[in-house]
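To keep things clear, I will list the structure first and then write my remarks on it.
The values are calculated or read from the model by the stated rules, or taken from the named source; none is laboratory data. All values reported here derive from a predicted model rather than from experimental measurement. When we count neighbours, we look across all protein chains shown, and the Cβ atoms used for this are built from the backbone with ideal geometry, even at glycine.
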Amino acid sequence: MPSQSSSSNPNVSGGAALRRRLRAQLRLPVVVAPMFLVSGPELVVAACRSGMIGAFPTLNARTPEILDGWLARIAQSGAGAAPYAANLILDKRNPRCDEDLAVLERHRPPIVIASVGRPDRVVGRIHAYGGLVFADVASLRHARNAAAAGVDGLVLLTAGAGGNTGWLNPFAFVAAVREFFDGVVAVAGAIASGRELRALEVLGADLGYMGTAFLATEESMAPAGHKQAMLQADADGIVQTDALSGYPANFLRSRLLEAGAMRPDGSIDRGASADVYSWKHVWSAGHGVGQVRAIEPVAAVAARLQREYDERQAA
Ligand SMILES: Cc1cc2nc3c(=O)[nH]c(=O)nc-3n(C[C@H](O)[C@H](O)[C@H](O)COP(=O)(O)O)c2cc1C
């Protein structure tokens, strides 16, 4: 069993064993987190080749047919020893959820990350082919529900994360979750260096769930303007609002102003256009943005993380 909860996954013999087995497949304890309009097959393959878990939201492929092609490309690339993950948005507002789930069942990605909704309805179907299910959660209530549904991993969304953010302090969140869950724990929220990856392990977590740090890489599909704007920003340049997606999310202040979604006095224009709501014209990043100082290949970011992580481990 992956946790205190029951799992029907025959490949999972226990939380600790799963955590050890997954870590042995990785050079770095990292998930290159799924990002809307940013993560595609190139980013996933580059992440896996660098020994990290590469991930992408299924909705980044414009149709289920394109998703089918992306999953085939990732599998054919022989991405490397590291497993990859597909991110399924379970929100009622995602009309493609069932169709995309059927495509995933055909391609059998090693990990499915369930977001924005209860993972109950996907756990059995992913376990049936031997895949692992991670669920992202922003509160202890959601974490307990996901654990009870039999997920293998929890992604703890904490304060300062890019995209839809959490609000809990990571020290408090990890400690509380470890009291009832012995599966894989990943932490999302401004993880930007190898020092922080090592710190997470000391806290009792397994993986850093890193979006912002990989958003401005060469393999990311983010528009050039988004990558450039990140190089100028630091944590003070990030604004949290629930006005654009209905959930608390973090955005680059400079772009909110340019796109007219934020007034000069700092208030958010809640009547902004549909384009703004679609995130095409406002750009998200988390509090770790200040550590992104160049547009680099994924392998260069991974090499830096590895150096910092090794130094901390040796110390
Ligand atoms: C531009 C952007 C888009 C994102 N889109 C998604 C998404 O489609 N699905 C999802 O589960 N998380 C999404 N996220 C959240 C990330 O998966 C991850 O939780 C977050 O980036 C981690 O925090 P960090 O950016 O501080 O590293 C997005 C984040 C960013 C920055």
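Yes/no matrix, rows are residues, columns are (1) in contact with a strand residue (DSSP E or B) (Cβ under 7 Å, 6 or more places away or on another chain); (2) aliphatic (A, V, I, L, M); (3) without any contact (Cβ under 8 Å) to a residue 12 or more places away in the chain:
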| position | (1), (2), (3) |
| --- | --- |
| 210 | yes, yes, no |
| 215 | no, yes, no |
| 220 | no, no, no |
| 226 | no, no, no |
| 241 | yes, no, no |
| 246 | no, no, yes |
| 255 | no, no, no |
I'd like to verify a number: residues in the stretch 148-174 that are under 19 Å from residue 203 (Cβ atoms) and more than 8 Å from the ligand (Cβ to nearest atom), how many? 14
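When you check residue 119 against the structure, is it touching a Phe, Trp or Tyr at 6+ places or on another chain (Cβ under 7 Å) and either away from the ligand (no atom under 12 Å from the Cβ) or modelled with pLDDT of 95 or more (or both), yes or no?
Details: touching a Phe, Trp or Tyr at 6+ places or on another chain (Cβ under 7 Å): no; either away from the ligand (no atom under 12 Å from the Cβ) or modelled with pLDDT of 95 or more (or both): yes.
Criteria not met by residue 119.
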Of the numbered conditions (1) modelled with pLDDT under 95; (2) part of a loop (DSSP other than H, G, I, E, B); (3) more than 12 Å from the ligand (Cβ to nearest atom); (4) buried (at least 18 other Cβ atoms within 10 Å of the Cβ), residue 282 fails exactly one; give the number of that condition. (3)
Filtering the stretch 98-116 down to residues that are among the hydrophobic types (A, V, I, L, M, F, W, C) and modelled with pLDDT of 95 or more yields 101, 102, 103, 104, 111, 112, 113, 114
Could you list all residues from the stretch 30-79 that are surrounded by fewer than 22 Cβ atoms within 10 Å (Cβ to Cβ), within 15 Å of the ligand (Cβ to nearest atom) and within 16 Å of the chain's Cα centre (by Cα)? 36, 37, 40, 59, 60
Determine if the stretch 226-243 includes at least one residue that is acidic (Asp, Glu) and within 14 Å of the ligand (Cβ to nearest atom). yes
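Being within 18 Å of residue 18 (Cα to Cα), of a type outside the set (Ser, Thr, Tyr), crowded, with 24+ Cβ neighbours inside 10 Å and within 13 Å of the ligand (Cβ to nearest atom) is the requirement here; does residue 208 meet it? Lay out the reasoning, then the answer.
Values: within 18 Å of residue 18 (Cα to Cα): yes; of a type outside the set (Ser, Thr, Tyr): yes; crowded, with 24+ Cβ neighbours inside 10 Å: yes; within 13 Å of the ligand (Cβ to nearest atom): yes.
So residue 208 fits the description; yes.
For the structure I just gave you, tell me whether residue 140 is crowded, with 16+ Cβ neighbours inside 10 Å and in contact with a Gly (Cβ under 7 Å, 6 or more places away or on another chain). Steps first, please.
Values: crowded, with 16+ Cβ neighbours inside 10 Å: yes; in contact with a Gly (Cβ under 7 Å, 6 or more places away or on another chain): no.
No: the conditions fail for residue 140.
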Looking only at residues that are in a loop (DSSP other than H, G, I, E, B) and either without any contact (Cβ under 8 Å) to a residue 12 or more places away in the chain or away from the ligand (no atom under 13 Å from the Cβ) (or both) in the stretch 176-203, which one is surrounded by the most Cβ atoms within 10 Å (Cβ to Cβ)? 183
Looking at the stretch 53-67, is at least one residue assigned by TED's automatic domain parsing to the domain that holds residue 211, under 15 Å from residue 217 (Cα atoms) and touching a strand residue (DSSP E or B) at 6+ places or on another chain (Cβ under 6 Å)? yes
Among the numbered criteria (1) modelled with pLDDT under 95; (2) exposed (fewer than 13 other Cβ atoms within 10 Å of the Cβ); (3) of a type outside the set (Ser, Thr, Tyr), which one does residue 294 miss? (1)
